[in-house]
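Everything below concerns the one structure shown next.
Since every read-out is calculated from the coordinates, none of them should be taken as a lab result. Note that the structure is a prediction, hence the values are computed from the model and not measured. Glycine also receives a Cβ, built like all others from the backbone with ideal geometry; neighbour counts cover every protein chain displayed.
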Amino acid sequence: MPPRAVYIQENVPLAPYTTFRIGGPARFFCEVTTTQELLEAVTFARECSLPLFVLGGGSNLLVTDQGFDGLVLRVKIEGAINTGGGYREDRPRQASVTYDVPGGMDWDAFVLKVAKAGVTGIECLAGIPGFAGGAPIQNIGAYGQEVSTSILWVHVLDLETLNFVSLTAKDCGFAYRCSIFNTTHRNRYIVISVTFRLDLDATPTLRYADLKDYFAGRGFAPKPIDIYHAVREIRHRKGMLILEGEDDCRSAGSFFKNPVVPAAVLQNIAATLTLPVDKIPHWPAGEDRIKLPAAWLLERAGFPKGFQRGEAGISSRHTLALINRGHASFADIAGLRDTIQCEVAQRFGIQLEQEPVQLGE
Ligand code: EPU
């Protein structure tokens, strides 16, 4: 067998690879930037019968204090963005542009490039930390856009067959914060690159209240680049822009998903809080169902912005972000999470679901 080109390290602390800055070591750790290195690392894991975990930007990850007894593969496939053009088969007169983006590219840098080109479709996803390859995994969404609507193909390594395959957006089974990659086919595929397709003659639409408010009264129709900067500013205000040295940034963004519940739950909450129904923020979410802002539920359950419990806490700028106040362990964060989930379930009968991926025992 030829000598391995990839460098496999042992007992590597994972905390520095996560935005939470929490977590014990990986027994083995390897960073790969090419598909050849990726195959070698996967082969190593197989030969040693090691469980494999694929790490991207570490911005949606909570690692346990024990760490991971397997191989953590930091996949950062590099390369150039290939840009193409064409017409949509479903709308033949609709000119579009495609971008083939290597999985290891910084997501925000790609969004900036597209917004600067004056192309609309992903500018509301500005400032989301992580790599482009992570975008389809949890179908990132923010400020009125979801990445799934702009994805044409996701190119992956299939760990079952060790073949490189291309999945259509339909194959990926996208829904709110989910896809086959984090549900039915978790751990089967590694994203190598993503092809985005964006319509060239589309104009930006402001759907989200925060953005409408931002541009209200400014008297001009914002271009994608204006929206890119506005979203970053709004995220910054909410402590949702990862900036080194800012206390509220040691987090994994939203810690809970916004729960989707039967519309009737609204009446129960109104009764519990003696509030009129129209004072409870909510969004329609399909037939007879609504989505509730988890942040709002947390505040009503006694967990306001700036809440502290030992080294764990809640961001002073957004209630949905649990934060590491400096020296939090996994146990600190998990303890606060459990208390919150318990309290929200008791008060409102709603089971909040953790959003970040959890790694380790
Ligand atoms: N709210 C509060 N307190 C707060 C913040 C928000 O009560 O401190 C309530 C308000 O009623 C507000 C509502 O929550 O109107 C919604 O707040 P926000 O617009 O900040 O959005 P979110 O629902 O908390 C979601 C995503 C974010 C995304 C924003 C903007 C989820 C779990 N989170 O947050 O995504 O940036 O919308 O689109 O869907 C992430 O997934 O990590 C993430 C940051």
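Tell me, what is the percent relative contact order of segment 82-237, built from C-alpha pairs under 8 Å that lie six or more residues apart?
Details: 300 pairs, mean separation 45.2, N = 156.
Contact order relative to length: 29 percent.
Among rounded, prolate and oblate, which fits the chain when a ≥ b ≥ c are the square roots of the eigenvalues of its C-alpha gyration tensor, a/c under 1.5 means rounded, and a/b larger than b/c means prolate? Intermediate results must be reported in sequence, preceding the final value.
Working: a/c = 1.75, a/b = 1.13, b/c = 1.55.
Since a/c reaches 1.5 but b/c is at least a/b, the shape of the chain is classed as oblate.
Test of understanding: what is the full-extension gain from Thr203 to Leu39, defined as 0.36 nm times their sequence separation minus their Cα-Cα distance?
54.9 nm
Can you tell me, using C-alpha contacts under 8 Å and at least 6 residues apart, the relative contact order of the chain as a whole percent? The partial results should precede the final answer.
On the way: 768 pairs, mean separation 59.4, N = 361.
The normalised contact order for the chain reaches 16 percent.
For segment 10-152, with only Lys/Arg (+1) and Asp/Glu (-1) charged at the beta-carbon, what is the dipole magnitude about the Cα centre, in debye rounded to 20?
The dipole magnitude comes to about 380 debye.
With runs of 4+ DSSP H residues as the only contributors, calculate the mean residue ellipticity of the chain at 222 nm using -39,500 (n - 2.57) per run, divided by the residue total and rounded to the nearest 500.
Values: 7 runs with 79 residues, N = 361.
Computed mean residue ellipticity for the chain: -6500 deg cm²/dmol.
Please list the non-local residues whose amide H lies under 5 Å from the amide H of Phe53, H modeled 1.01 Å from N, same-chain partners needing a gap of 5 or more.
Result for Phe53 returns Leu71, Val72, Leu73.
Going 7 Å from the Cα of Ser49 along its beta-carbon direction, which residues of segment 69-101 have the amide nitrogen within less than 18 Å of the resulting point?
Once the point is set 7 Å along Cα→Cβ of Ser49, 69-71 turn out to lie under 18 Å by backbone N, inside segment 69-101.
Under the rule of at least 5 residues apart or a separate chain, name every residue whose amide H is placed under 5 Å from the amide H of Ile290.
Amide H to amide H, under 5 Å and 5 or more residues apart or across chains, Ile290 pairs with Val261, Ala263, Ala285.
Considering amide H positions built from the backbone, and no H for Pro or chain starts, which residues 5 or more places from Ile192, or on another chain, come under 5 Å of its amide H?
Result for Ile192 returns His155, Val156, Leu157.
How about segment 213-306: which trypsin sites (Lys or Arg not before Pro) there lie in a loop by DSSP and see at most 14 other Cβ atoms within 10 Å?
The qualifying sites are Arg218.
Could you tell me the relative contact order of segment 251-359? Use alpha-carbon pairs under 8 Å, at least six residues apart, and round to a whole percent. Don't jump to the answer; show the numbers that get you there.
Values: 167 pairs, mean separation 34.2, N = 109.
The normalised contact order for segment 251-359 reaches 31 percent.
In nm, give the distance between the simple-model label positions of Leu243 and Asn268, each being 7 Å from the Cα along the Cα-to-Cβ direction.
So the two model labels end up 4.1 nm from each other.
Please report the spacing between the Cα centers of segment 306-361 and segment 158-226 in Å, no decimals.
27
Which residue, chosen from Ile8, Thr161, Thr64, occupies the Cα position most advanced towards the positive end of the dipole of the chain, where the dipole is computed from +1 (Lys, Arg) and -1 (Asp, Glu) charges on Cβ about the Cα centre?
The residue sitting most towards the positive pole is Thr64.
Sort segment 9-75 into rounded, prolate or oblate with this rule: let a ≥ b ≥ c be the square roots of the eigenvalues of the Cα gyration tensor; rounded if a/c is under 1.5, and if a/c is not under 1.5, prolate when a/b is larger than b/c, oblate otherwise.
oblate
What spacing in nm lies between the two simple spin-label points modelled at Leu162 and Thr83, each 7 Å away from Cα in the Cβ direction?
Here the answer is 3.8 nm between the modelled labels.
Most mobile of Val12, Val63, Val111 per a Gaussian network model of the chain (Cα springs, under 10 Å)?
With Cα springs under 10 Å in the chain, the top fluctuation among Val12, Val63, Val111 is at Val12.
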